[in-house]
Each structure stands twice: as C-alpha cells, then as structure tokens.
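Asks: Next up is a structure, given as structure tokens.
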Amino acid sequence: MMLTTEKTTVNNTQFLKETLAGLNAEPKRMFSKYFYDETGDHIFQQIMDMEEYYLTNAEMEIMQYQANSIANVISVDNEAFDLIELGAGDATKSIHLLKTLLDKNLNFKYYPIDFSEHVINDLDANLPEKLPELTFEGLNGDYFDMLKKAAEISDRKKVVLFMGANIGNMNVSEAREFCLSLKQLLSPDDILIIGFDLKKNPQQILAAYNDKAGITRSFNLNLLSRINRELDGNFDVSAFEHYANYDPETGSCKSYLISLKNQIVNIGSNAIHFSENEFIMMEISQKYSLNEIDELAQSSGFQLINSFTDQQNYFVDAVWKV
Ligand code: AVI
C-alpha cells in the first residue's frame, strides 16, 4: 500500500503498532479512537441521529436551553479567555454556547481540537459561514499535544470543553488519569466543562449501543474494514458479529466483535489467530452517577462548581474548576 504524506505515515505507523499490540493481547482489544476515519465519521453521524441514541438530544437540550447560565459560570469579570474544545466534531452542540458567548460580547478565541483531520477541515470550511464573528483556530491531533500548542499560542485563562460523553470511552481509572493529566496543563481558576452520560434504565442504555437498524454494528465492523484498507489487512468482515452488553452495577457498556469461526487474519506480514467465539473488546462507554462524577472531580484535583442536566436527567455537563 502507498502511503502518501509524512503525516499519514506517522499516523499509520501508530495505528499499526496499536492494532497489533491490541490483537496480540489477551483478551484481544482494539482502540475506539480509530473508529473515526471518513466512513466512521459518517456512521457516527448516523448514530447521533438514531432514535435510540438519546445522548445527543439530551446534551443538545442542555446547550440550547442553558447556554446562558453556562456562559455566566465561565465568564466572571469579563476576563478574556481561550475556549478549547477537545473532540469538537462538527460543533453542532457547542455552537449554541459559542453563539451565546458572542452575543454577550465576551472576548474569547475558540480552539476546536480533533483527532480527525477531516473534522478540522470541515470546521475550517463551515464555521466562518455559521458564526462570522467567531475568532477560531482548528487544531488537528492528539488532545494533550494540541492543548500544549494552544497554551503556547496564548497564556489567557482556559476554558476546556470535553463534551459528548467522550470521557465515557475510557474506563474509570483511565478517566482519572486523563483528568489528572489535563489538570497538569491548566492553571488555577481555569475551567473544565465535561459531559457524562448518567446511569439510567439498563434497557435504554443497551438499546443505544445495540440499535435495531444495525448502525452501531456497522460502526464497529468499519474498523476491520479500515484495517483492511489502510494496514493491508484481510479481515472477512462477515465472519465477525457485534455484541453489546451493559452492566448496571459498574455502569460500563461494552461493545465486542465475536469471531464466528476459527480463522487467521493477516495484517501486512502479521498473522493473527482467532478461535471460534473469541471476542475483541472494541469500546467502553462508561456511565456515571452524580456522586461518582463528584468523586472523579475530587480525586483528580478539580472542584465541582456547577452541573447542568437535561429535563429527563439522562446527561450532565459538569463545570469543574482547577
Ligand atoms: C463518542 N462516544 C461518546 C460514543 C459513545 O457513546 O460511547 C461513541 C459510540 N459508540 C457507539 N455508539 C456511540
């Protein structure tokens, strides 16, 4: 396979390394950050539009109806700040907050950060039309590298947005490590606005990750196709089945792909053996209670200053201060 740019080569080297490490581990696992190639972004958009995937509407409702209160918590004394969004996606939810901050004439610059180059290119193309007065600079890459880059550009107060329950794609101890590392890059009085999917009826959670139309199934299987396309793999996608499971005790919702037969898959010159019914752990989507969120804030050195929930208490955007 021809790899064209230096950037693609670097990314694919990392992708190959992590994929092989995950598939040679016991049990096998993959890294859900690799779901988001162009096809994956497109399928994720379909997931967010699904009736079963309540998370998007719940957080959208918070942003639509409570943006003014959130803006009041962010901007004390009209101090200038940088608004840095980790995993900005198409910014459809944060756009309500951005609009409110602009309406209030606050002095800020928006830095959307995303792992997907395609997402940043789209924001560069679309944001000026949607919000002509917005000053922004899209940053493509790893969250922490890009956060450091934003800190090099300016030393103003930072307000970090980490929405969409992206924290849920880490297990609880990874989430704590992540928040601790994030705190190291922030200064006293900086703010983190972080979205969590709340524990709720287990059937409702499971349905969001096991939809009838099979969109989540395609989302998971697309990673096998991506490995075929980009890493010279030969997965027979039809020989794997999607399985999702939610444990109400721990709050972890997990997606797996199950090998339907004994098979060998090649990735470049590497052969990986799968037994019949062997699973690959694909993704965790951790759900939290309000107490667990408070505990996470405290154990990673943040102070909870406010929480914004939707009317049905499905989702919370918590505001933490360093
Ligand atoms: C991006 N992330 C918060 C989604 C979630 O809910 O865990 C990804 C996803 N996976 C399957 N459906 C949605």
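Asks: If we keep just the residues of the stretch 74-94 that are away from the ligand (no atom under 15 Å from the Cβ) and crowded, with 17+ Cβ neighbours inside 10 Å, which is farthest from the chain's Cα centre (by Cα)? Explain how you work it out, then say what you get.
Replies: First pass over the stretch 74-94, keeping only residues away from the ligand (no atom under 15 Å from the Cβ): 74-84.
Now restrict to residues that are crowded, with 17+ Cβ neighbours inside 10 Å: 74-75, 81-84.
Working: 74: 22, 75: 25, 81: 23, 82: 20, 83: 17, 84: 14 Å.
For the stretch 74-94, the residue satisfying everything is 75.
Asks: Need pairs with beta-carbon distance below 8 Å; first residue assigned to a helix (DSSP H, G or I) and at pLDDT below 95 and within the stretch 37-48, second of a type in the set (Phe, Trp, Tyr) and within 10 Å of the ligand (Cβ to nearest atom); sequence gap 6+ or separate chains.
Replies: 40/219; 44/35; 44/36; 44/219
Asks: Collect the residues in the stretch 125-157 that are more than 26 Å from residue 61 (Cβ to Cβ), in a strand (DSSP E or B) and touching a strand residue (DSSP E or B) at 6+ places or on another chain (Cβ under 6 Å), keeping them in residue-number order.
Replies: 139, 157
Asks: What number goes with the only condition from (1) under 22 Å from residue 312 (Cα atoms); (2) in contact with an Asp or Glu (Cβ under 6 Å, 6 or more places away or on another chain) that residue 97 does not pass?
Replies: Result: residue 97 passes all but (2).
Asks: Among the numbered criteria (1) away from the ligand (no atom under 16 Å from the Cβ); (2) out of contact with any helix residue (DSSP H, G or I) (no Cβ under 8 Å at 6 or more places or on another chain); (3) of a type in the set (Val, Ile, Thr), which one does residue 272 miss?
Replies: Result: residue 272 passes all but (2).
Asks: Of the residues 185, 206, which single one is touching a residue at least 24 places away in the same chain (Cβ under 8 Å) and within 14 Å of the ligand (Cβ to nearest atom)?
Replies: Values: 185 fails: within 14 Å of the ligand (Cβ to nearest atom).
From the options 185, 206, the qualifying one is 206.
Asks: Show the residue pairs that are 6+ apart or on different chains and have beta-carbon atoms under 7 Å apart, the first residue being within the stretch 277-293 and within 18 Å of residue 201 (Cβ to Cβ), the second being in a strand (DSSP E or B) and among the β-branched types (Val, Ile, Thr).
Replies: 290/316
The values are calculated or read from the model by the stated rules, or taken from the named source; none is laboratory data. Since we're looking at a predicted model, the values are computed, not measured. Every residue, glycine among them, receives a Cβ derived from its backbone with ideal geometry; neighbour counts consider all protein chains shown.
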